Amino acid sequence: MRVTPWEAIVVATDVAVKAAHVEVGFMDRFSGALIITGGFSQVMTAVEEVVRFFRDELHFDVCKIHRS
């Protein structure tokens, strides 16, 4: 996941690990990058909660979640 402004990656990480049983694989607060690891459903729950929090609580513009 990539977040701008890059400082917000700390918030995204906090929301993700509180929302589901995931672990932080990598977090770079200087580029705004976050990799979370865990089971597929847990990762999706964490990502969905981060997007919801940024959209509804922080009023950020967010992208749709999609799988490749």
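The values are calculated or read from the model by the stated rules, or taken from the named source; none is laboratory data. Since this is a predicted model, take the numbers as computed values, not measurements. Here Cβ is always computed from backbone atoms with ideal geometry, including for glycine, and neighbour counts include all displayed protein chains. Areas reflect the complete protein model, heavy atoms only, side chains present, ligands, DNA and RNA absent. Shrake-Rupley method; radii C 1.70, N 1.55, O 1.52, S 1.80 Å.
Key figures
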item: Length gained when the stretch Phe30-Ala8 is fully extended (0.36 nm per residue, less Cα-Cα span); result: 6.9 nm
item: Total formal charge among the other residues, if their Cβ is under 12 angstrom from that of Leu34, Lys/Arg +1 and Asp/Glu -1; result: -1
item: As computed over the range 14-59, the Cα convex hull volume per residue (Å³); result: 66 Å³
item: Estimated 222 nm signal from helices in the chain, with DSSP H stretches of n ≥ 4 weighted -39500 (n - 2.57), rounded to 500; result: -11000 deg cm²/dmol
item: Residue-normalised accessible area of the chain, expressed per residue, 1.4 Å probe, Å²; result: 70 Å²
item: Accessible carbon and sulfur surface of the chain relative to its total accessible area, %, 1.4 Å; result: 56 percent
